[in-house]
Each structure stands twice: as structure tokens, then as C-alpha cells.
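K.L.:
My structure is below; once you've seen it, I'll send some questions.
No value in this document is a laboratory result; all are computed from the given coordinates. Keep in mind the model is a prediction, meaning the values are calculated, not measured. Ideal geometry is used to build each Cβ from the backbone, glycine not excepted, and the neighbour counts take in all protein chains shown.
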Amino acid sequence: MIINSSELSHNNFYQKIVKRKQPVLIKNVINTAEFQQLLSDNKTEMKADHGRGSVPFLYLYFDSETIRNYLFNLPLIKNLVKNKNTLFREKMRFWQHHKGNISHFHYDQRSSDLLNVCISGSKKWLFLPPEVPLKCLPFYNIALPLQKSVKAQAIEITMQAGDLLYIPRNWFHRVETLADNTENINIIFNDLADKHMQTREKELAAIKNFLIPYYIYGDNIAVLNEQIKTVSKANIAKRLLIELLPIVTVLVLIMVLLRL
């Protein structure tokens with residue numbers, strides 16, 4: 001779905017869009033020239049919490065009060081922040097890519113919803129709903145290669161500078177950068193009224209929390225802990241076997257081939 005910001009009732013964004021859990025592109029949400037100047041003036045405030053890469057690929061988490069205040073005071077986001085059913089993270093994520101960069105099909109972990117703001121450039125997004133039978137790498141959120149018949153069903157959305165994209169929790173997405181120096185900011189939040197969390201994601205979080213002390217961290221820790229508590233030890237063991245099986249199979253095949 002594509003909506004112009006002038007046609008959108010900001011007060012109804014949660015009820016009409018977030019609750020339905022469908023990707024939506026909202027056109028012309030920010031003044032890009034104004035925001036670019038704000039970014040330039042506050043580069044020293046954008047200190048990386050952690051990140052990786054360099055142009056043409058860069059991402060970092062950052063916490064800038066000036067930039068957050070600007071974005072969180074946009075009418076659409078302001079009303080969403082004020083909603084009692086949403087919990088927003090303070091830290092945002094900044095992305096910078098060049099033309100041709102591709103992020104292959106994956107879903108965002110922790111069952112979080114995202115608002116992606118395009119500051120400059122353009123990106124093409126392909127979306128698949130959580131219920132599609134798309135197999136992922138063991139213990140990870142990235143879809144395996146091939147699976148072309150499933151991926152061919154994807155919804156396509158192209159965003160331009162000034163647009164905002166709502167990405168619902170657990171939706172698979174593939175992102176292709178269409179222009180050099182494309183910059184985006186992710187704003188992450190949880191829908192507290194939405195108690196559903198994909199079974200695999202919930203079980204993987206429980207495994208990681210069990211094996212790695214303090215794995216669960218961040219602003220939405222209470223939301224995750226509530227979900228993890230519902231996973232039984234039997235289901236944790238079952239999920240471990242499911243995820244380990246393809247790894248063991250590949251290792252056995254390699255050993256057999258080495259002996260030939």
C-alpha cells in the first residue's frame with residue numbers, strides 16, 4: 001500500500017496500519033533538505049554505539065537527541081509514540097549504501113516493528129509475509145538461497161527520499177539500493193498489544209538466552225522476556241535438533257566426500 005502523507009490521518013495510523021501488520025509506504029513525510037542540514041549540523045552527536053562497514057556499506061546504532069526530537073515530533077510518529085500500545089527504542093540505526101547493494105531476504109529479529117525513513121537516494125523493497133514457507137539459515141534470520149517459487153510471490157515497493165516505510169514484525173524483506181549515497185534511518189518499536197511472536201523466533205531467542213547469559217538486552221527486554229517464558233525446555237531441545245540437523249548433515253557429507 002502507498003499513501004501520501006497529506007492523505008493520512010495521523011491519529012488513525014496505529015489502528016488503520018500498525019494493527020493490520022501490512023507494509024505501507026508513506027510519501028513525502030520529511031523535508032529532505034531540512035533533514036540533511038540537521039544531520040550535517042549534528043554529525044558529532046551521531047557517535048556510533050556499535051556498527052560495521054564503510055561506504056558503500058555502513059550501518060551504526062546512534063543516539064542523537066536532536067535528530068530523535070526532529071523525527072519523533074513528526075505528526076505521524078509523534079502520535080504513534082504517544083500511543084499506550086507502543087514501546088519505542090531510544091537508539092536508532094543509520095544506513096548508508098551505494099547503488100547495487102543488496103540485502104537478501106531476511107526478517108528483523110525480536111519481533112520488532114520498524115519505521116524506515118529515506119533521507120536520500122532510493123531503494124526497492126520486496127516483502128513476503130511471516131507465514132510463507134521460506135527456510136532460513138540454521139539459528140539465523142536470513143533466508144536460504146534459491147526458493148524462487150516462494151520469493152516470486154513478493155510484494156514490491158520502491159521508496160524515494162522523503163518517504164517513510166512501515167515494516168511489520170517478522171515480515172521477510174529484500175532490499176536493493178537504486179542510487180549512490182542512499183541514506184536511511186530505522187526507528188524500532190514494539191506493538192505491546194500484539195502478543196504474537198513467530199514460534200521459531202521465540203524458540204531461538206530462548207536458546208540464545210539460555211546459552212549466552214545476558215543475551216536479552218535493550219529497550220524491549222521486558223517484551224522479550226515475557227515471550228521467552230512461554231517456551232518449554234522440551235521445545236528448546238526440539239528447536240536445537242531442528243536447527244542442528246542440516247549442519248550435521250552437511251558435515252557428514254563433507255566427511256564422506258573426503259574419504260572417497
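K.L.:
Using Cα-only point scatterers and the Debye equation, what is log10 of I(q)/I(0) for the stretch 111-258 at each q in 0.08, 0.12, 0.14, 0.17 Å⁻¹, rounded to two decimals?
P.N.:
Evaluating at q = 0.08, 0.12, 0.14, 0.17 Å⁻¹ gives log10 I(q)/I(0) of -0.30, -0.66, -0.86, -1.12.
K.L.:
Rank-order 143-150, 111-118 by packing density, defined as the average count of other C-beta atoms within 10 Å over each peptide's residues, highest first.
P.N.:
Taking the mean over residues of other Cβ atoms within 10 Å, the ranking is 111-118, 143-150.
K.L.:
Quick one: order 163, 63, 108 by neighbouring beta-carbon count within 10 Å, fewest to most.
P.N.:
Going from sparsest to densest Cβ surroundings: 63, 108, 163.
K.L.:
Give the separation of the Cα centroids, the stretch 88-131 to the stretch 235-258, in Å.
P.N.:
For the stretch 88-131 versus the stretch 235-258, the Cα centre distance is 31 Å.
K.L.:
Another question about this same structure. Among all the aspartates and glutamates, which ones have a C-alpha under 12 Å from residue 202's C-alpha, if same-chain residues fewer than 8 places away are not counted?
P.N.:
226
K.L.:
Rounded to the nearest 500, what is the 222 nm mean residue ellipticity of the chain from helices alone, with -39500 (n - 2.57) per DSSP H run of 4+ residues and division by all residues?
P.N.:
-9000 deg cm²/dmol
K.L.:
So, one more: Using the membrane-span-like helix rule (whole DSSP H runs, Cα extent along the own axis of at least 20 Å, mean Kyte-Doolittle hydropathy at least 1.0), which helices of the chain qualify?
P.N.:
233-259
K.L.:
Here is a further query. Using R₀ = 41 Å, calculate the FRET efficiency as 1/(1 + (r/R₀)^6) where r is the Cβ-Cβ separation of residue 79 and residue 148; round to 0.05.
P.N.:
Efficiency computed from Cβ-Cβ geometry: 0.55.
K.L.:
Size of the chain along its principal axes in angstrom, Cα-based, largest extent first?
P.N.:
63, 40, 38
K.L.:
Cβ neighbours within 10 Å, averaged per peptide: list 23-33, 192-202, 169-179 in order, most packed at the top.
P.N.:
169-179, 23-33, 192-202
K.L.:
With a 10 Å radius around each residue's Cβ, average the other Cβ atoms per peptide and rank 241-250, 66-75, highest first.
P.N.:
66-75, 241-250
K.L.:
Taking the Cα-to-Cβ direction at residue 256 and at residue 41 and moving 7 Å from each Cα, how far apart do the two end points lie in nm?
P.N.:
Result: 6.6 nm between the two label points.
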